[in-house]
1. What shape does the stretch 37-181 take by its C-alpha gyration tensor, where a ≥ b ≥ c are the square roots of the eigenvalues and a/c under 1.5 counts as rounded, a/b above b/c as prolate, and the rest as oblate?
2. Please check which bits of the stretch 58-92 a label hung off Ser186 would reach, taking the label as a point 7 Å along Cα-to-C-beta and the cut-off as backbone N under 11 Å.
3. Of Arg99, Arg86, how do they rank once you tally other Cβ atoms within 10 Å and put the fewest first?
4. Kindly state, to the nearest 0.05, the FRET efficiency for Glu103 paired with Ala24, given R0 = 30 Å and r defined as their beta-carbon distance.
5. Can you tell me which of 5-16, 149-160 comes out highest on packing, and rank the rest after it, using the mean Cβ neighbours within 10 Å?
6. What FRET efficiency comes out for Gln144 versus Leu165 if R0 is 35 angstrom and r is the Cβ-Cβ distance? Round to the nearest 0.05.
7. At a Förster radius of 35 Å, what calculated FRET efficiency corresponds to the Cβ-Cβ distance of Ile56 and Val112, to the nearest 0.05?
8. Where the centre of each part is set by its Cα atoms, how far does the stretch 78-136 sit from the stretch 1-62, in angstrom?
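FYI, it's all coordinate maths here, none of it is from the lab. Values in this document were obtained by computation on a predicted structure and should not be read as measured data. FYI the Cβ positions are ideal-geometry reconstructions off the backbone, even for glycines, and counts take in every protein chain you see.
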Amino acid sequence: MPTHVRVAIIGSGFAGLGMAIQLARHGIDDFVIVERGSEVGGTWRDNTYPGAACDIRSDLYSFSFAPRHDWKHRYGRQAEILDYLRSTADRFGIRPRIRFDTELMEATWDAVAAFWRLHTSTGELTASVLVSAAGPLIDPVWPQIPGLEQFEGLRFHSSRWRHDLDLADLRVAVIGTGRSAWTVGSTSRAANGLQPIRTPSGTPTTTASRKPWPTRCAENSTLDSHVPL
Ligand SMILES: Cc1cc2nc3c(=O)[nH]c(=O)nc-3n(C[C@H](O)[C@H](O)[C@H](O)COP(=O)(O)OP(=O)(O)OC[C@H]3O[C@@H](n4cnc5c(N)ncnc54)[C@H](O)[C@@H]3O)c2cc1C
């Protein structure tokens, strides 16, 4: 790996991969992605909770330069979206340019040398251009609830799902009323027969259901494959 690059990109989620692929497609190969995880995918690598899926049709929630016409679901499930991101990174030869397990700790602009000095967990790097694709939702956020630290039950964040736990006979409270909370609640209840799940706030912010589309869509396989978006 070079110690100086023209472009350094933070993150290999949708944004970082999209940036890298577009650079490569425009003939700019002098770039590197710094990724603290061990795999591409960002949000879709980390959010593996039951029912995790996108809320936008998958044929729209994908790169315009890499359409997929055989999505299994109208709203792609986490595993399928992660597979899409992995295979797209491979298809465009991006993986060798990613420094996995490398966290950007500090970035300083050197005005004299006119480049960024990047201090990462695996070494130093300089770059003329620094692009942040570090993502808005990647770090778990816990609310400031008095007594939370003293709670003696099991506690985990939806983006760090405990697949080793069987929730079937437990009483579960979900904090939050957004899409993830709603999905976890409805999916877990249906799958495991859980006790009613309560949320501290009243009205869910998102309750619209995703219309099921369990099979390949005729629009996908015919119209979209002939008319790129
Ligand atoms: C269940 C779920 C459903 C969603 N559905 C939709 C939807 O329908 N439509 C929509 O538009 N959005 C949706 N989102 C939001 C989704 O997060 C974004 O669409 C998109 O995936 C964000 O991509 P990103 O590349 O910007 O960031 P991320 O996917 O978060 O990627 C950021 C990457 O940067 C890396 N990183 C961060 N900091 C550092 C550092 N200091 N050093 C090195 N690496 C670092 C992280 O490890 C990560 O890999 C959904 C999210 C979830 C969880």
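1. Values: a/c = 2.46, a/b = 1.29, b/c = 1.90.
Verdict is oblate for the stretch 37-181.
2. Label zone hits: none.
3. Least to most surrounded, the residues fall as Arg86, Arg99.
4. Numbers: r = 24 Å, r/R0 = 0.79.
Computed FRET efficiency for Glu103 and Ala24: 0.80.
5. Values: 5-16: 22.8, 149-160: 11.1.
Averaged packing, sorted descending, gives the order 5-16, 149-160.
6. Working: r = 25 Å, r/R0 = 0.71.
Here the calculated transfer efficiency is 0.90.
7. On the way: r = 45 Å, r/R0 = 1.29.
So the FRET efficiency works out to roughly 0.20.
8. After rounding, the separation between the Cα centres reads 9 Å.
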